[in-house]
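The values are calculated or read from the model by the stated rules, or taken from the named source; none is laboratory data. Everything quoted here is computed from the prediction, not taken from an experiment. Please note: Cβ atoms are built from the backbone with ideal geometry, for glycine as well, and neighbour counts cover all protein chains shown.
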Amino acid sequence: MKIGVPKETAAGESRVALVPDVVRSLKKKNEKVDVLIESGAGEAAGHPDSHYTDAGAEIAPVDQIWNADVVLKVGAPSAEEIGRLGSSQVYVSHLNPWVDADTNKALAASGVTSFAMEAIPRTTRAQAMDALSSQAAASGYAAMLIAARESGRFFGMMTTAAGTVPPAKVLVLGAGVAGLQADATAKRLGAIVTGFDIRRAAWEQIASLGGRPLELDFIPDAEGEGGYARPLTDEENAQVVEALGENAKKQDIIVTTAAIPGRAAPRLLTAEAVRNMQPGSVIVDLAAETGGNVELTVAGETVVENGVKVIGPRNLPSLMPVPASQLYAKNLENLLGLMITEEGTVNVNLEDDILAAALITQSGEIKNERAAGRDAA
Ligand SMILES: NC(=O)c1ccc[n+]([C@@H]2O[C@H](COP(=O)([O-])OP(=O)(O)OC[C@H]3O[C@@H](n4cnc5c(N)ncnc54)[C@H](O)[C@@H]3O)[C@@H](O)[C@H]2O)c1
């Protein structure tokens, strides 16, 4: 069987779906697997073509890659790319299936069997395939480095002959995978870190990384179904927003990562709260692409208000292409392990709960209920 890896086409995308180590590992597990890579696909992630050929892959023309039994990408396919796919093939990448109805429909029309990395269930067995988590870790790390760079501050205390510079004060809102990685990164750089989440289980995790949990205990625990946060009531939200506005005045840097699955990002910092911060402070809003945790955020831009920078980066994992590609490729390798048979053929067994959950289209239909609901909307 053949696995095809095209070069990513979205502007600013520097990741690649498979890295040479994973090619080596796939071939070691099953010598009947051939991997075809588009020339230059891994370049921005630190892997020239020669690394892939050394690992046993073949550099192949684009047409052959899109004809492979299984095609793997990072970003969602363009309409033109979907046009290259057919019913005998399996396609896997991020698909944005809960939002992008056009892509769902086009994939169904092509007949391809498609899987969305966003739809991998958050179960213990699926953890090794969970690209949302692996890429969120890269995002949290990247966001904190952007904040450090843009702030122009030392994060750790610096004692010199000319005097002592105090450590930076950092607040991280949201303590899921990205938020906890942001906490850990700021801590490693030496900052005084405060973390906040509306799920109380996260307070202990913030503390375990050396951060101080901001314990707003007048809000009842907001842990909902499956360990995810439930949306706050309007009254609870108003209390949180007020408390965070007060706390923000004390901080030099804020990184926001709060999200509720399938909803617009909760609004946590008002324009007034931003104006009340010290000039020179920096906010990085990881939720920029889903509406922003900060009222002033504009996705893809930096807004300066009263000397406070509000940065709304897009596609943060792409700023860390080396580890983000390495982890994503490992996620894919583990997922492929559920589909590749010993004989070197593809078997999509929908009795497997992970494959069943991640399947978006097959045989001309949108099979995933939530994605289909999106289409009906
Ligand atoms: N495979 C697994 O078992 C698995 C994998 C990843 C995450 N998880 C769990 O899923 C949960 C969410 O993790 P995630 O990284 O996907 O999070 P996420 O990206 O969905 O959300 C980020 C964080 O924002 C928080 N949040 C939501 N509204 C908020 C508000 N108003 N104020 C402050 N914080 C707010 C959430 O509680 C969450 O911690 C965690 O319990 C995590 O341990 C499980």
- prompt: Is it the case that ASN347 is in contact with a Ser or Thr (Cβ under 6 Å, 6 or more places away or on another chain) and surrounded by fewer than 21 Cβ atoms within 10 Å (Cβ to Cβ)?
  reply: yes
So, first residue closer than 14 Å to VAL170 by Cβ in region 255-284, second residue within 12 Å of the ligand (Cβ to nearest atom) and of a type in the set (S, T, N, Q), Cβ within less than 6 Å, six or more apart or across chains; the pairs are THR256/ASN293
Those residues of region 28-45 that are of a type in the set (A, V, I, L, M, F, W, C) and either loosely packed, with under 15 Cβ neighbours inside 10 Å or modelled with pLDDT under 95 (or both) come to a total of 0
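Taking ALA101 as the residue in question, decide whether it is under 30 Å from ILE354 (Cα atoms) and surrounded by 22 or more Cβ atoms within 10 Å (Cβ to Cβ).
So ALA101 fails the test.
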Looking for something part of a strand (DSSP E or B) and more than 20 Å from the chain's Cα centre (by Cα) - is there at least one such residue anywhere in region 275-292? yes
Subset of region 76-126, residues closer than 21 Å to TRP66 by Cα, of a type in the set (S, T, N, Q) and not in a helix (DSSP H, G or I), comes to SER78, SER87, SER88, GLN89, SER93, ASN96, THR113, SER114
Going through region 196-212 in order, the residues found to be away from the ligand (no atom under 11 Å from the Cβ) and among the polar types (S, T, N, Q) are SER208
Note: among GLU8, GLU38, just one is touching a Pro at 6+ places or on another chain (Cβ under 9 Å), closer than 27 Å to GLN362 by Cα and among the acidic types (Asp, Glu), namely GLU38
(1) surrounded by 24 or more Cβ atoms within 10 Å (Cβ to Cβ); (2) within 19 Å of LYS309 (Cβ to Cβ); (3) more than 15 Å from the ligand (Cβ to nearest atom) all hold for SER151 apart from (1)
Restricting attention to region 217-235, the residues that are surrounded by fewer than 17 Cβ atoms within 10 Å (Cβ to Cβ) and touching a residue at least 24 places away in the same chain (Cβ under 8 Å) number exactly 6
Among VAL255, VAL310, the single one that is away from the ligand (no atom under 13 Å from the Cβ) and crowded, with 19+ Cβ neighbours inside 10 Å is VAL310
The one condition LEU350 fails out of (1) part of a helix (DSSP H, G or I); (2) in contact with a helix residue (DSSP H, G or I) (Cβ under 6 Å, 6 or more places away or on another chain); (3) not hydroxyl-bearing (Ser, Thr, Tyr) is (1)
Exactly one of MET157, MET129 is on the phi < 0 side of the Ramachandran plot and crowded, with 16+ Cβ neighbours inside 10 Å, and that residue is MET129
If you go through ALA371, ALA329, ALA358, ALA324, the only one that is surrounded by 19 or more Cβ atoms within 10 Å (Cβ to Cβ), in contact with a Lys or Arg (Cβ under 6 Å, 6 or more places away or on another chain) and either in contact (Cβ under 8 Å) with a residue 40 or more places away in the chain or of a type in the set (A, V, I, L, M) (or both) is ALA324
Q) Hey, does region 106-118 have a residue that's within 16 Å of the ligand (Cβ to nearest atom), over 20 Å from GLY12 (Cβ atoms) and touching a His at 6+ places or on another chain (Cβ under 9 Å)? A) yes
For region 182-195, the count of residues that are within 11 Å of the ligand (Cβ to nearest atom) and under 19 Å from MET320 (Cα atoms) equals 1
Taking region 130-148 and keeping only residues that are more than 9 Å from the ligand (Cβ to nearest atom) and under 19 Å from LEU359 (Cα atoms), one is left with ALA131
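For every residue, the table says whether it meets (1) surrounded by fewer than 20 Cβ atoms within 10 Å (Cβ to Cβ); (2) under 29 Å from LEU319 (Cβ atoms); (3) modelled with pLDDT of 95 or more.
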{"residue": "ILE59", "(1), (2), (3)": "yes, yes, yes"}
{"residue": "ILE82", "(1), (2), (3)": "no, yes, yes"}
{"residue": "ALA108", "(1), (2), (3)": "no, no, yes"}
{"residue": "GLY111", "(1), (2), (3)": "yes, no, yes"}
Quick check: anything in region 127-147 within 17 Å of SER281 (Cβ to Cβ) and in a loop (DSSP other than H, G, I, E, B)?
no
Those helices (runs of 4 or more DSSP H) completely within region 1-75 that have 2 or more residues that are assigned by TED's automatic domain parsing to the domain that holds ALA329 and among the aliphatic types (A, V, I, L, M) are 20-29, 62-66
TYR328 vs (1) part of a loop (DSSP other than H, G, I, E, B); (2) within 18 Å of LEU72 (Cα to Cα): all pass except (1)
